[in-house]
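Here is the structure we will look at, set down as structure tokens.
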Amino acid sequence: MKKFFLLVSLLFLLSNFGFSQKTEIRGFVYDKVTGEAIQFSNVFFQGTSYGVATDLNGFYSLSKFQPGTYTLTSTFVGYDTVHEVITVKAGDIFNRNMYLTQVALELDEVIINSKKIESQTQVKISKIKISTDDIAKLPTVGATPDLAQYIQVLPGVVTSGDKGGQIYIRGGTPIQNKVILDGMTIYNPFHSLGLFSVFDIDMIKNIDVYAGGFDAEYGDRISAVMDVNSVDGNKTRLAGKIGTSPFSSKLILNGPLKKFKAKEGSSNFIFAARNSYLDKTAPVLYNYADKNGLPYSFNDLYGKVSFNDASGSSIKLFGFSFNDKVDYTGITSYEWGSVGIGTQFLLVPTGSSTIIEGHLSYSNYRIDQLELDNLPRYSLIGGFEGGMKFSYYLGNDLIRYGFDLSGYQTDFRYYNAAGRRIGEPENTTNMAAFFKYKKTLGNFILVPSVRLQYYASLQETSIEPRFGAKYNATEFLRFKLAVGKYTQGLISAFSDRDVVNLFYGFLTAPDDIPNHFDGHEINSRLQKAMHYIIGTEVDIKEHSTINLEGYIKDFYQLTNINRNKIFDDTPDFQDKPEYLRSDFIIERGLAYGVNFHYVFELKPFYIWFVYDLAFVERYDGIITYTPHWDRRHNIQFLFNVSLGKKSPVDLSFRWNYGSSFPFTQTQGFYEYLDFSQGITQDYTATNGDLGILYGDLNGGRLPSYHRLDISLKKKWKINKHNSIEGIISLTNAYDRDNMFYFDRVSNERIDQLPILPSAGVTWSF
């Protein structure tokens with residue numbers, strides 16, 4: 001503990017060393033009418049080559065220049081150019097916001113591409129930025145565009161199925177992916193079918209998905225990060241959206257509490273509600289899809305209020321409730337839900353070069369499973385988290401540092417096939433500090449960073465150095481790399497070896513793990529990984545980009561539920577092997593591969609192509625095996641075309657091919673007798689349970705997977721603010737029988753979704 005705080009103190013001393021008063025012009029760039037921040041707009045001194053691009057908040061900072069009189073200029077495609085003459089004295093910190101006005105301009109070519117600017121000024125390795133416009137280009141499932149469907153087309157992403165499948169990113173499991181909403185961790189971001197997320201598309205501002213190699217700002221996960229930022233709502237008028245389809249309906253309301261005016265403060269709100277009724281419509285419309293009638297239902301509520309100062313400072317208050325229910329009558333049922341409240345703030349102190357961001361939140365997540373044996377199965381995680389970030393701009397360079405603090409409780413109760421209870425309640429406190437320095441040296445961009453993660457309940461401090469770099473060889477060619485160490489204390493409450501499991505629970509690093517693994521002593525309860533990534537980006541003219549990355553994720557310590565436990569870990573059974581009495585096992589994992597990503601964007605066409613070559617393996621101390629999400633080849637092809645100008649019709653195609661998943665074959669069956677009555681039990685008159693003889697773990701392969709989705713979308717504009725949009729969608733258009741798994745007991749093949757036609761309508765006002 002003392003070591004941790006000593007290192008943190010040293011980190012903050014170093015971060016502030018040399019932060020003396022400087023000459024600086026800084027501020028935000030806004031849309032003059034709507035008040036929305038404009039990302040990656042250009043801000044520069046006219047007649048010079050010195051300038052910067054605004055960040056995700058629309059913020060810019062110009063420094064490292066001689067005092068004098070300059071014409072400050074801001075430009076962005078589709079907006080007019082704004083000029084302002086400013087005289088700056090030595091040591092001045094000049095706050096100046098810029099307000100741009102949209103112009104009625106039809107461009108055949110994208111002259112300034114914000115994504116290209118970001119690629120040239122940020123390392124951006126293994127990172128995909130997603131907007132609502134990107135999601136809208138994808139064919140919808142159930143005539144309902146959703147983030148969960150878009151994530152599945154990203155490089156390095158594998159989903160295990162259409163019926164409750166989980167998301168695996170470059171070999172990492174779902175628990176190893178951190179999902180953040182406005183600074184708050186979301187523990188289960190997907191609804192029952194795995195086709196819908198808890199984030200309504202109209203609630204999203206932007207999403208950053210890091211498939212690996214993320215810097216020290218993010219911690220407590222060893223595979224990937226998905227950072228979601230929600231919109232603040234309309235700042236000038238009351239607006240909204242009402243939509244319905246056979247899958248769900250939704251309502252969005254947003255508007256100003258105090259209308260936005262340039263150079264004045266404002267406040268606004270947004271409220272989103274969504275409810276599914278697939279459990280009611282499926283027996284009528286899709287009774288052929290599943291013998292249980294697709295018994296999935298969910299509802300979402302989200303609200304946010306934002307208060308914005310004229311200087312750019314802001315504070316935001318939000319809350320949510322997400323709930324799911326799955327009921328397989330006579331078999332099993334699940335219920336889970338999340339609730340949370342939180343706040344975010346952004347401070348732009350007058351006379352200071354530092355920008356301050358912070359968040360504080362409380363959330364609770366619980367899942368319950370009910371089976372015929374009536375044994376309690378549930379998982380709970382709840383608590384608070386908060387943090388602050390400090391950003392110091394040095395021209396094109398950036399110093400960012402901060403800290404995170406979280407405290408939560410986990411409780412877990414589960415019974416395995418042998419009837420042995422697994423689980424324990426835990427209280428956990430985590431503290432972390434990070435330091436990141438982005439340095440531009442000519443054509444090089446270097447981002448060294450370090451994270452200090454202290455797991456209080458484990459009394460472990462992890463020092464995690466990370467490094468990213470990019471070399472802009474030409475205007476059109478870039479090379480990049482990343483390497484870093486990652487740890488996490490949270491583990492999954494179900495076994496990674498389960499192919500189908502909706503019981504998505506959590507617990508902290510448990511006590512009951514083996515003391516030794518593969519002949520080595522285990523002196524840490526953390527899960528640990530190293531990432532190694534190298535790649536290149538190539539711009540082909542102004543309209544297309546190729547991104548190629550090779551990666552290695554070395555999961556050199558993993559914790560997993562012990563499905564082979566048959567003895568209690570008590571003195572009576574100390575003579576039994578450790579792997580038969582521990583609740584958890586230690587494993588090693590390795591994931592490596594290549595991701596190829598091509599994007600073409602020139603109105604009216606949009607093409608997205610992904611090819612992944614991936615390898616995943618695990619070693620449990622006894623055998624080396626491929627986990628069930630080891631998909632060797634994965635192809636995603638997306639095509640979108642917008643036909644017409646005044647009232648265009650959007651036609652979208654998505655085709656996905658995935659090579660076979662591993663599975664464990666059945667060798668035979670036997671009758672299992674427990675002899676609960678001792679040796680006097682009459683086994684000749686006792687009916688035993690069905691026992692299964694398994695083959696080698698994941699020694700077989702399922703058939704390959706492929707599916708075509710089609711959507712047709714048209715918008716009718718009624719007036720300036722009112723429009724109606726209709727969507728017709730066809731999921732699995734050629735009705736491919738994609739195998740999900742094989743029910744060993746009933747000897748029945750379970751397929752994934754068949755052809756699913758749907759239609760939806762949305763009114764925007």
Against the rule of thumb 2.2 N^0.38 Å, how large the Cα Rg of region 142-192 comes out: 1.16
Relative packing of peptides 196-205, 691-700 - highest average C-beta neighbours within 10 Å first: 196-205, 691-700
Projected-area average for the chain over all orientations - Cα convex hull basis, square nanometres: 33.6
Neighbour cut-off at most 10 other Cβ (10 Å), DSSP loop, GluC sites (Glu not before Pro), region 460-542: Glu475
Ranked by how many other beta carbons lie within 10 Å on average, peptides 394-404, 598-608, 167-177 from highest: 167-177, 394-404, 598-608
Relative packing of peptides 609-615, 749-755 - highest average C-beta neighbours within 10 Å first: 609-615, 749-755
As computed over region 685-765, the Cα convex hull volume per residue (Å³): 174
Net charge of neighbours whose Cβ lies under 11 Å from the Cβ of Leu380, counting Lys and Arg as +1 and Asp and Glu as -1: -1
Two-decimal Rg to Rh for region 608-765 - Kirkwood Rh, Cα set: 1.22
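Where a number appears in this text, it was derived from the coordinates with a stated rule and is not lab data. All figures in this text were calculated on a predicted structure; none of them were measured in a lab. A quick note on method: Cβ atoms are made from the backbone with ideal geometry, for glycine too, and the neighbour counts reach across all protein chains shown.
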